[in-house]
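The values are calculated or read from the model by the stated rules, or taken from the named source; none is laboratory data. Here the structure is a predicted model, which means the values were calculated and not measured. All Cβ positions, even for glycine, are placed from backbone atoms using ideal geometry, and neighbour counts span all protein chains on display.
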Amino acid sequence: MSAEIPVVLSCAGDNVIGIYHATDTGLHTAFVIVVGGPQYRVGSHRQFVLMARSLADSGSSVLRFDYRGMGDSAGAPRSFEDVDDDIRNAIDYVFSVNADIDQVILIGLCDAASACLMYSSNDPRVAGQVLLNPWVRSIQGHAKSYLRHYYLQRFVQKSFWKKLLTGKVSVFKSAAEFLGSVRQARGSGDLDAFVTSESRGSFVSRMLLGVMKFRGPLLFLISERDLTAGEFTDLCKDDPAWRSAMNDESVETVVLDGADHTLSSREQLDYVNSYIVNWTRKKLLSNNR
């Protein structure tokens, strides 16, 4: 049984709020759940509360927290590219309150997964990472994924053609949207330069470097029914460097059939929680008592 302890951390003068799920099992590995983006602990993002409780019930201590400017934490809103100090402070706290802990596993969804990848190779206390639907958004990449994962599926759906034939879908509007996506996917001049220098050349490249430099196991969980996940999958297929990095023996990728971005189905969330526990025991806890 775990105790849930409210936590107030100080990061650059701002209060960072979290909940520490404390256990006394003697395990040396704890989880730190990085909650990114403008999310809250209710609705679809209740998953973080339920995930933390499930992992704590398995015997591991867990800290879930909102980085500065998000959720319950104070401070100005900030990009996921600038939360290294928040993650480091969270790990510091876990080590400070439990003398048994000597390593942590980071868990992140979407931009928080991206933040974890950019941070972890610089902190030897991070032994593993669980990364759900990492964010790699670019204008061109988004357009390509929209074509692959939305329009192509729509064209083979009976419901689409029924709506089209009954006038419930505008032919001209749909055609315009489709052609716009094609133009963006192909890219041209300034757009290509923007994608390369601002998106691919910055945080996505830092994420790739994080995959390549990290020495521990990586678990990528990819939702089948999620455009963000589709963009990440497309990047790993289309980009030779990403394709090579993801084929490393330390990387495991699991496609979650029927799952959406936030695992809003309790059945899907329970499956993921169980998978994380088993993966952790296999990769990091076999000799960790």
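Taken together, 120, 54, 79 contain a single residue that is surrounded by fewer than 22 Cβ atoms within 10 Å (Cβ to Cβ) and touching a residue at least 60 places away in the same chain (Cβ under 8 Å), which is 54.
Look at residue 72 and say whether it is under 18 Å from residue 122 (Cα atoms), acidic (Asp, Glu) and surrounded by fewer than 19 Cβ atoms within 10 Å (Cβ to Cβ). Judged against the criteria, residue 72 is not a match.
Candidates are the residues of the stretch 28-46 that are modelled with pLDDT of 90 or more and out of contact with any Asp or Glu (no Cβ under 7 Å at 6 or more places or on another chain); the one that is farthest from residue 280 (Cα to Cα) is 34. One residue stands out among those in the stretch 230-282 that are more than 27 Å from residue 30 (Cβ to Cβ) and among the aliphatic types (A, V, I, L, M): the one that is farthest from the chain's Cα centre (by Cα), which is 241. Looking only at the stretch 215-228, residues that are touching a Gly at 6+ places or on another chain (Cβ under 9 Å) and not in a strand (DSSP E or B) come to 4 in all. Within the bounds of the stretch 230-251, is there any residue that is in a loop (DSSP other than H, G, I, E, B), modelled with pLDDT of 95 or more, in contact with a Phe, Trp or Tyr (Cβ under 9 Å, 6 or more places away or on another chain) and of a type in the set (Gly, Ala, Ser)? Yes, the stretch 230-251 has at least one match. Restricting attention to the stretch 236-288 and to residues that are in contact with a helix residue (DSSP H, G or I) (Cβ under 7 Å, 6 or more places away or on another chain) and of a type in the set (Ser, Thr, Tyr), the residue that is surrounded by the most Cβ atoms within 10 Å (Cβ to Cβ) turns out to be 262.
Counting only helices (runs of 4 or more DSSP H) that fall entirely inside the stretch 45-130 and contain at least 2 residues that are under 26 Å from residue 24 (Cβ atoms), the qualifying elements are 47-57, 84-97. The residue that is nearest to residue 60 (Cα to Cα), counting only those in the stretch 5-38 that are part of a strand (DSSP E or B) and free of Cβ contacts under 8 Å to residues at least 24 places away in the same chain, is 5. Cβ separations smaller than 9 Å between residues 6+ apart or across chains give the following pairs from the stretch 206-229 residues that are under 11 Å from residue 254 (Cβ atoms) to residues that are basic (Lys, Arg): 219/283.
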